[in-house]
Amino acid sequence: MSGLKLPGVGSGFPIQSFVDATVNAARAPKEQQLARRAESIDVQLSAYGSLKSVLDEFKTSLKKLSEESAFQKRSTTLSSSGFMTASADKNAVAGSYKLVVEQLAQAHKVGAKRLTGENATKTKLGSGTIDLALKNGDSFSVSISKEKSSLADIAAAINNAEDNKGVKATVVTDDNGSRLVLFSEKTGTENAIDNITINGNGDGDDNHSLNDLLDGPDGFTEIQGAQDARITLDGATVTSQSNEIKNAIAGVTLNVTKVSEWEDSNDHSQGRKSLNLTIGYDKTAVENNLKDFVESFNKVINTINKLTSYNADTQKAGALNGDASARNITANLRSLLSEQVEGALAPVKSLTDLGITTTREGTIELDNDLLKKQLNDNFEKVGALFASEKGVASKLDTFLESYVGKEGFLTNKDKSLREQMTKLEKEADNFTDYMAQYEERIYKQFSAMDIMVAKMNQQLNSVISAFENMPNFNTKK
């Protein structure tokens, strides 16, 4: 209640204390009820949230095992590092190959005639055109204006040409002067710069011309020759325009980075050292994914056991003790894991065949030695067990979707509980408003009573005073 509240002016009673006691007596039961309901919802939100979280995590671990591509990955092993890298897709056939890196691919690079003098880089060479042609047949032309004809301007004009077919330009300054350097964007002989034609108008500074870039009758000087990558594969020569060599071995991509070293002989008569490339199934990734699967499953079971537990000594129950949905999850998971998979092939027809067995606590454990043996001997059959249409991953994923999917039980349960909490918070707000009005009303009632008592006291005092002032008729003379 707003405003000043004073003790009863007529009765002297502590009106505010009476009001507080009356209001608290009315408020306490409802507030306790609201608090109990809020706590119950909070506990359920936390419990179901924890359960949904571990089921989501388990569902995620299944994705690594649910697609056949997970069991089609290939591993690549090189006997020496630093000379090349290798990757293989599912089309690569397991096997071993002997490789030698004979040379790396490199881009063609040529340089113009050097300009000397203090202002060589600022000298304007005047207007004209530069025609560039590549060995692969591509060509383009660049127009140079008189105002923008310094070496840097010319390099920028070439680099920014809309129809540039793969030539880059820069300015290099050394002790002998500054010159324009052109190089192919791509490596390989087919991408070499084949021809440069310059037509200058001779209107540059001090009668300079674009023709000043020409270094003798051959135009530009070769700085670095174009070169293809070359390797030998089991003795056969393989060339590539780039240092990335695809499908020399079906499904395999090689990236050469360094020329192989010479064998130990003074005249290199024994040739360069070879390295071995071994291609196999990527068993390590699958093994790790299966270990993650076991760990995630056990996390689900341990969480459910904790939420549904009951401690007889402390007489304290878990948040979901007696909850049917939690028990159903455990029962269904155990059932799905124990089933043989339709379409799976012996000797890998169930998880037990992989070394995955159930413990007394309901968790599962993995026999690493048996798993390694099955991956080595029956890798593709392990894939069929998990990743086939009716495999373990597919069945578990369908089951988990019914709980944690968009319309799953736990998803809807969380939504329902949050809606209940919102309604409860609104109810609590309404009750707070009601109690404020109730307190106002009670205060008015006690105040009215105080005024009435004050009037009665005045009347009583008047009567007493009248009696006290009456003449005494019993007095003897």
### Message
It is to be established whether one or more residues within region 410-417 are basic (Lys, Arg), at pLDDT below 95, surrounded by 17 or more Cβ atoms within 10 Å (Cβ to Cβ) and under 30 Å from Ser296 (Cβ atoms).
### Response
yes
### Task
State which residue pairs qualify: first residue under 16 Å from Lys299 (Cα atoms) and inside region 321-349, second residue hydroxyl-bearing (Ser, Thr, Tyr) and in a loop (DSSP other than H, G, I, E, B) in any location, beta carbons under 8 Å apart, and separation of 6 or more residues or different chains.
Ala326/Thr308; Arg327/Thr308
### Task
Of all residues in region 170-194, count the ones that are closer than 20 Å to His108 by Cβ, of a type in the set (Ser, Thr, Tyr) and assigned to a strand (DSSP E or B).
2
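Rundown of residues vs (1) in a loop (DSSP other than H, G, I, E, B); (2) surrounded by fewer than 18 Cβ atoms within 10 Å (Cβ to Cβ); (3) in contact with a Pro (Cβ under 6 Å, 6 or more places away or on another chain), yes/no style:
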residue: Phe58; (1), (2), (3): no, no, no
residue: Ala70; (1), (2), (3): no, no, no
residue: Ser87; (1), (2), (3): no, yes, no
residue: Gly137; (1), (2), (3): yes, yes, no
### Task
Kindly indicate which of Glu263, Glu190 is under 30 Å from Gly82 (Cβ atoms) and surrounded by fewer than 14 Cβ atoms within 10 Å (Cβ to Cβ).
Glu263
### Message
Just to check your reading of the model, which residue among Gly225, Gly271 is surrounded by fewer than 17 Cβ atoms within 10 Å (Cβ to Cβ), at pLDDT 95 or above and not polar (S, T, N, Q)?
### Response
Gly225
### Query
Residues in region 176-189: is at least one acidic (Asp, Glu) and either within 44 Å of the chain's Cα centre (by Cα) or at pLDDT below 95 (or both)?
yes
#### Entry: Verdict on Thr239 being part of a strand (DSSP E or B) and without any contact (Cβ under 8 Å) to a residue 60 or more places away in the chain
yes
### Query
Scanning for something more than 33 Å from the chain's Cα centre (by Cα), loosely packed, with under 12 Cβ neighbours inside 10 Å and farther than 30 Å from Tyr281 by Cα, does region 442-450 turn up at least one residue?
yes
### Query
Out of all the residues in region 170-184, is one or more surrounded by 20 or more Cβ atoms within 10 Å (Cβ to Cβ), among the hydroxyl-bearing types (Ser, Thr, Tyr) and within 22 Å of Asn243 (Cα to Cα)?
yes
### Query
Out of curiosity, is Ala92 in contact (Cβ under 8 Å) with a residue 40 or more places away in the chain, over 30 Å from Met421 (Cβ atoms) and among the small types (Gly, Ala, Ser)?
yes
### Query
Could you list, in sequence order, the residues of region 296-320 that are part of a helix (DSSP H, G or I) and without any contact (Cβ under 8 Å) to a residue 60 or more places away in the chain?
Asn305, Lys306
### Task
Go through (1) assigned to a helix (DSSP H, G or I); (2) touching a Leu at 6+ places or on another chain (Cβ under 6 Å) and name the single condition Lys291 misses.
(2)
### From Leu375, Leu424, residue being within 47 Å of the chain's Cα centre (by Cα), assigned to a helix (DSSP H, G or I) and buried (at least 18 other Cβ atoms within 10 Å of the Cβ)
Leu375
### Task
Answer with yes or no whether Thr197 is assigned to a strand (DSSP E or B) and within 16 Å of Leu115 (Cα to Cα).
no
### Message
Out of Gly383, Gly355, I need the residue that is touching a helix residue (DSSP H, G or I) at 6+ places or on another chain (Cβ under 6 Å) and over 11 Å from Leu290 (Cβ atoms). Which one?
### Response
Gly383
### Task
Please identify the pairs in which a residue from region 427-456 that is in the same structural domain as Arg36 (by TED's automatic domain parsing) and over 17 Å from Val19 (Cα atoms) has its Cβ atom under 6 Å from the Cβ atom of a residue that is assigned to a helix (DSSP H, G or I) and of a type in the set (A, V, I, L, M), counting only partners at least 6 apart or on another chain.
Ala428/Leu34
### Query
Residue check, Thr123 against (1) more than 30 Å from Val392 (Cα to Cα); (2) within 41 Å of the chain's Cα centre (by Cα); (3) among the polar types (S, T, N, Q), all met but one. Which one?
(2)
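The values are calculated or read from the model by the stated rules, or taken from the named source; none is laboratory data. Being a predicted model, the structure only gives us computed values, none of them experimental. When we count neighbours, we look across all protein chains shown, and the Cβ atoms used for this are built from the backbone with ideal geometry, even at glycine.
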